[in-house]
């Protein structure tokens with residue numbers, strides 16, 4: 001099984017506490033797939049939501065394909081996420097709870113198909129962000145000390 005990561009949402013791990021992860025297919029046009037192969041994607045401000053019993057990826061910017069013509073795709077259009085009905089029902093139940101949202105973490109190719117890893121997440125408060133940053137710093141220092149002692 002070969003995976004080729006195309007884009008990551010690094011900001012998501014800082015801004016949100018990840019509770020659960022899902023892998024979803026994504027309905028794309030041909031020029032979008034070609035643009036993804038060129039890594040022309042930004043997940044910074046994107047999010048997923050359930051609308052009309054379907055999952056949608058909103059605000060995900062896929063740049064134009066370099067060799068595309070004038071009738072290329074629209075960069076910020078909503079894209080349908082391909083999930084099983086039971087997964088969508090589970091997400092509907094959990095996102096209706098206060099404070100939970102769907103955040104895309106990464107976009108990648110898996111066996112030639114484009115996949116999106118979305119996460120059920122809760123927004124972090126400022127003090128939570130500081131605490132996780134402090135914890136990472138301490139962990140990094142411990143690893144460096146262990147490495148130095150070897």
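Laboratory data are not the source of any read-out in this text; all were calculated from the coordinates shown. Fair warning: this is a prediction, and the values are worked out from it, not measured in the lab. Ideal geometry is used to build each Cβ from the backbone, glycine not excepted, and the neighbour counts take in all protein chains shown.
Some notes on this structure:
- Pairwise label distance in nanometres, residue 141 with residue 124, each label 7 Å out on the Cα-Cβ vector: 1.8
- Legend: ranking of residues 31, 106 from fewest to most surrounding C-beta atoms inside 10 Å; resulting order 31, 106.
- Using just its DSSP H runs of length 4 or more, each adding -39500 (n - 2.57), the chain gives a mean residue ellipticity at 222 nm of -10000 deg cm²/dmol after division by all residues.
- Among 84, 73, sorting on how many other beta-carbon atoms sit within 10 Å of each Cβ, with the fewest leading, yields 84, 73.
- Ranked list, fewest to most other Cβ atoms within 10 Å of each Cβ, for 120, 146: 146, 120
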